[in-house]
Amino acid sequence: MKRTILTILMGLALHSLFAQQPVGAFPIVASKSATPIYVDAGDHWLVQKAAALLQTDIEKVTGKKPDTAHTHPRGTAKNIIVIGSLDQSLLIRQLVALKKLSVDSIKDKWEAFQLTVIPNPFPGVNNALVIAGSDRRGTAYGVFELSKQLGVSPWYWWADVPVKTARECWYNPQIRQYQHPGVRYRGIFLNDEAPALAGWSKATFGGFNHLFYEKVFELLLRLKANYLWPAMWGNAFYDDDTLNAVMADRYGIVIGTSHHEPMLRAHDEWRRYGSGKWNYDSNEMRLKQFWAEGIRRKRGYESIVTVGMRGDGDEPMSEKSNIALLEKIVADQRQIIADVTGAAATATPQLWALYKEVQDYYDRGMRVPDDITLLLCDDNWGNIRKLPKRDAPARAGGYGIYYHFDYVGGPRNYKWINTNTIPRTWEQMHLAWEYGVNRIWIVNVGDLKPMELPISFFLDYAWNPAAYPVDPSRGYTEKWAAQQFGKTYAADIAYLLTKYTQYNSRRKPELLAPDTYSQVNYQEADKVVRDYNELVLLAEKLYKLIPAQYKDAFYQLVLYPVKASANLNELYVTAGKNHLYAKQSRVATNELANRVQELYDTDSLLSLHYNKVMANGKWDHMMDQTHIGYTWWQQPPVNRMPAVKIRKPAIHTLMAIAIEGSETVWWSNDTVKAVLPAFSNHRGDKHYIDVVNAGNASFNYTIKPAGSWLQLSQTSGRVEKEQRIWVQVKWQAVPEGKHQAPITISGPNGDVTVFATLEKTTVPGLKQQTHVEADGYISMDADHLANVVDDAVTHWVRIADIGRTGNGMTFFPPFPRPATFRDTSAHLEYDLFTTDTGATKVMVYCSPTLPFNESNGLRYGISFDEEAPQLVNLHADNSENAWAQSVSDNIRISTSVHTLHKAGHHMLKIWAVDPGVVLQKIVIDWGGVRKSYLGPER
């Protein structure tokens, strides 16, 4: 073991823990001995448990196990650690009464804690490190905060993250830490948990019993969470194991049930014990009896009771359902709560989830009592549907958000692997926080693994939203990587985590198809594969470099998701290329079919290693989720390889030519002109020509470009299957203007001529941020701009890595602005140089945010030069089909048409109007844009 400097708390300028003794530091472990821990025998069970876990954590870090005691610590040691809650610890209350300890920072607060070093706490004791909490959870959070700083990751068990060791560790007494949560209830929903989590829990614990849940509860506490919706696919938390609820109460975890499981009854319990239809019109009495048992069973345990009703199996209510009936259901449920508990219904926390069609009922006037939390929801794809009005009166029950990292439903399930980026999660939850949603934040995490990173961020953000007023994504991810793996490789690991999730969010794996990415335009499919495989190379390099004890954690948190995601994307791209090659009669068609099979097999081998080999098989079944071969919204029963094509080559020697930008192939004497995409001296383009074998024998070829303008990667060769020739331009030799340069390819069957279009433009006053038209379009990332104009109330913010291909731009504070435009109004300016005139189409690529502000859509203004801005509505088409397209593509593209009367310099301006509009990319089209998924590159 070695001496290491331990974690730095966010927002603190000084280290709170040291691995060697600075002057006046408090010893946790020093001189081969551990400072004893004192906890009052009468304190909460959870406080006792947290102290015991701290004892174990210190031993893991240092090899020294501190003693624990419950008796009064008079003169027993020079230094002691005291752990206790304000409401139950006699030790803490005595220190407060003696004015040794001030607890003003946490008194009367919810789940607050403080860490303080105080001198002479008791006779014969020199110093005490006091971990005090305002309540039992606050105390536990303080203990686990110290554990985290010592080097024990919250994911030490759930992701096999090794404990960072040190011979000694010391606490900095100059720092008095105190924290309390921003959001009252912060938690996760274990959902869609079969086959992966269900199979694993059964093999590991015998099912979703208290042994399983104790591991979940500890994780939640270490992440400063307090709320859980338990697994519910064929499971029932209260019914499957009577100790589940007992242990939840001991750990201080607040139990709820999902949006369609009212009154703390799991959905599967109606199948087990219900009688008749799940229909309040026809079966009111039995439903009331069923619900009353849920309230009786919860006893005095902390819980949040879901009220309301959806159809059986999380379906919408029947067409006949009406607001009056639903309001009666809620009123009857509250009467049951009052009757069973013997207290007013207001004494029991409740929520009403405005999920899917239930939000429509709310929008049509349905209301519930003021003390019920309105749980607002996203669209199941990470886009918040509704937020409170800014001027809405305060509600006693407040507002919450139900968010998704996993989903079963249309347009497709997404359950297999993490596709959730930190930037998008932050941006959407920042909206919620700014609009006063601070009572409940709960997120559907599916199988829990492999959502470790987004779970950490979601709960850290819920704990302290004020710590993240601006985009924290890159900094947060690097700190998280350092917490799991140390600082040496943290920056590289954070890059991998950021990029693989950004790439996965372009299109979720379950939505991929062989034709998702263009095989011929903008080299798109090849670039997607290259992007992923560059991550694989880095991940594999780091895997070799990291110490052996980190390899299991690295595999599950980094290497597997990177390699599996890269492999899956290459699988589909290769299948698409196989289809194209078959269409083009290429000999290489069959080789690609074999490659698809190899990639399909590799997917299974990667999952097999995760399940059976990594961590000695600890996580067997956790990668059982099917994810290949979707044909509709529901998952396939087994993975199914994409269909491939096999072709028989011609029986004679046959050369064909394929080019970038077309699926056509050219033969000798073809009358259709073959023209490459245009080259521009402002883009540094290179395009390709494929010399293709379509016959049964290899052949020689030669290539001759006319003139000296072009540079070819090779000018002759022998083709077995195919050869790719890269074409570039020697711009210094090219005169101004547009030109076509012929390239003649000669082979066994004659000649084929391909034309290269060259566009050389001299731009007066060219600046680095000037975007120059070429090939009939301009494409630019939203943050590649000339000027940012803020105004007195609005400022623009760059959000790193939120885009499918780059960063994004939005404005804060996220509140509506009047749609009036002055030169001083907040807007972005883009410097353009155009060679075309007349009508031009501007396509603005935005994140698929929903009109959460009860409007008919989110709007922005757009104009060229001094023209009056047009007001563009992102949701002009707000149909179900448009929504499904936007979440499938993870983009919403809006279009405006403008007229440019002259070529030359222009300034494109985009004006702030409605909040939540996140600009990713802007494409200006004069007819040159080709079909692709991600759009043309800059």
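Rule-based calculations on the coordinates, nothing more; no lab input. Predicted model, so just to flag it, every value in this text is computed and none were measured. Cβ sites come from the backbone with ideal geometry, for glycine too, and all protein chains shown count toward neighbours.
Describe numerically, in nm with one decimal, the distance between label points set 7 Å from Cα along Cα→Cβ at Leu243 and at Lys721.
Label-label distance for Leu243 and Lys721, simple model: 5.8 nm.
Between Arg938 and Gln740, 0.36 nm times their residue separation minus their Cα-Cα distance comes to what?
69.0 nm
Between the stretch 168-186 and the stretch 406-468, what's the alpha-carbon centroid distance in Å?
With the stretch 168-186 and the stretch 406-468 each reduced to a Cα centre, they are spaced 24 Å.
Out of all DSSP beta bridges in the chain, what portion is antiparallel? Express it as a percent rounded to 5.
Expressed as a percentage, antiparallel bridges in the chain total about 70.
In whole Hz, what ³J(HN,Hα) sequence does the stretch 898-904 give by Karplus (6.51, -1.76, 1.60; θ = phi - 60°), x for Gly and Pro?
Here the 3J(HN,Hα) series is 10, 10, 9, 8, 8, 7, x Hz.
To make sure I understand the rule: partners must be lysines, Cα under 16 Å from the Cα of Lys78, and not fewer than 8 residues away in the same chain. Which ones qualify?
Cα-Cα hits under 16 Å: Lys32.
Considering only Cα-Cα distances, which of the following residue pairs are longer than 27 Å: Lys288/Lys449; Lys487/Lys551; Lys738/Lys841; Lys738/Lys909; Lys288/Lys386; Lys298/Lys389?
Violating the 27 Å limit, Cα to Cα: Lys288/Lys449; Lys738/Lys909; Lys288/Lys386; Lys298/Lys389.
Just round it to a whole percent: the fraction of Cα-Cα distances in the stretch 493-617 exceeding 23 Å.
Value for the stretch 493-617 (Cα pairs over 23 Å): 35 percent.
Take the alpha carbon atoms of the stretch 504-541, find their center, do the same for the stretch 358-393, and report the distance between the two centers in whole angstrom.
So the separation of the two Cα centres works out to 38 Å.
For Ile442, Ile417, which order do you get if you count the other beta carbons within 10 Å of each Cβ and list the fewest first?
Ile417, Ile442
Work from the charge dipole of the stretch 493-617 (Cβ charges, +1 for Lys and Arg, -1 for Asp and Glu, about the Cα centre) and give the residue of Asn567, Gln597, Val536 farthest towards its positive end.
Val536
Work out the charge dipole of the chain with +1 on the Cβ of Lys and Arg and -1 on the Cβ of Asp and Glu about the Cα centre, then indicate which of Thr62, His795, Tyr402 is farthest towards its positive end.
Checked the options; the winner is Thr62.
Where the centre of each part is set by its Cα atoms, how far does the stretch 790-849 sit from the stretch 621-647, in angstrom?
Measuring centre to centre over Cα atoms gives 40 Å.
Determine the dipole magnitude for the stretch 655-760: charges of +1 sit on the beta-carbon of Lys and Arg, -1 on that of Asp and Glu, nothing else is charged, the reference point is the Cα centre, and the result goes in debye to the nearest 20.
Roughly 280 debye, rounded to the nearest 20.
So if we plug the beta-carbon distance of Ile175 and His609 into 1/(1 + (r/R0)^6) with R0 = 60 Å, what FRET efficiency do we get, rounded to 0.05?
The computed FRET efficiency comes out at 0.90.
Of Asn881, Ala903, Cys846, whose Cα points farthest to the positive end of the dipole of the stretch 771-925 (charges on the beta-carbon: +1 Lys, Arg; -1 Asp, Glu; origin at the Cα centre)?
Asn881
Using a Förster distance of 60 Å, how high is the FRET efficiency between Lys673 and Ala467, based on the Cβ-Cβ distance and rounded to 0.05?
In this case the efficiency is close to 0.50.
Once the Cα atoms of the chain are picked out, what are the Rg and Dmax in Å?
31.3, 103
Please work out the FRET efficiency for the pair Asp391 and Arg286, using the Cβ-Cβ distance as r and a Förster radius of 56 Å; give the result to the nearest 0.05.
Plugging the Cβ-Cβ distance into 1/(1 + (r/R0)^6) gives 0.85.
Classify the stretch 857-938 as rounded, prolate or oblate from the Cα gyration tensor: take a ≥ b ≥ c as the square roots of its eigenvalues, call it rounded if a/c is under 1.5, otherwise prolate when a/b beats b/c and oblate if not.
Here the stretch 857-938 falls in the oblate category.
Which of the trypsin sites (Lys or Arg not before Pro) across the stretch 561-602 are loop residues per DSSP, with 15 or fewer other Cβ within 10 Å?
Those that pass, being in a loop and sparsely packed, number zero.
In whole Å and largest first, what semi-axes does the C-alpha gyration tensor of the stretch 655-760 yield when each eigenvalue is scaled by 5 and square-rooted?
25, 13, 12
When only DSSP loop residues count, what trypsin sites (Lys or Arg not before Pro) in the stretch 609-649 have their Cβ near at most 13 other Cβ atoms within 10 Å?
Taking the stretch 609-649 and a limit of 13 other Cβ atoms within 10 Å, the loop trypsin sites (Lys or Arg not before Pro) found are Arg640.
Where a ≥ b ≥ c are the square roots of the eigenvalues of the C-alpha gyration tensor, would you call the stretch 185-470 rounded, which needs a/c under 1.5, or, failing that, prolate if a/b is larger than b/c, or oblate?
rounded
How compact is the stretch 355-430 by the rule of thumb for globular proteins, expressed as Cα Rg over 2.2 N^0.38 Å?
In units of the globular-protein estimate, the stretch 355-430 measures up at 1.25.
Give me the number: length gained by fully extending Lys32 to Val788, i.e. 0.36 nm times residue separation minus the C-alpha to C-alpha distance, one decimal in nm.
Here the segment from Lys32 to Val788 would lengthen by 266.3 nm.
The stretch 272-343: which GluC sites (Glu not before Pro) are DSSP loop and have at most 10 other beta-carbon atoms within 10 angstrom?
Within the stretch 272-343, the qualifying GluC sites (Glu not before Pro) (loop, at most 10 other Cβ atoms within 10 Å) are Glu319.
Counting only C-alpha contacts under 8 Å and six or more residues apart, can you give the relative contact order of the chain as a whole percent?
Once normalised by length, the contact order is 8 percent.
Give me the dipole magnitude in Debye, nearest 20, for the chain about the Cα centre, with unit charges on the beta carbon: positive for Lys and Arg, negative for Asp and Glu.
2080 debye
Please list log₁₀ I(q)/I(0) at q = 0.20 Å⁻¹ for the stretch 456-519, using the Debye equation with identical point scatterers on the alpha-carbon positions.
-0.85
Bin all alpha-carbon pair distances of the stretch 32-114 at 10 Å intervals from 0 and give each bin's fraction as a whole percent.
17, 47, 31, 5
What is the spin-label model distance, in nm, from Asp865 to Arg74 if the labels are put 7 Å beyond Cα along the C-beta direction?
For Asp865 paired with Arg74, the spin-label model returns 9.1 nm.
Using the Cα centre of the stretch 493-617 as the reference point, and only Cβ charges (+1 on K/R, -1 on D/E), how large is the resulting charge dipole? Debye, rounded to the nearest 20.
160 debye
Would you please classify the overall shape of the stretch 17-179 from the alpha carbon gyration tensor, given that a ≥ b ≥ c denote the square roots of the eigenvalues, rounded means a/c under 1.5, and beyond that prolate means a/b larger than b/c while oblate covers the rest?
Because a/c hits 1.5 or more and a/b fails to exceed b/c, the stretch 17-179 counts as oblate.
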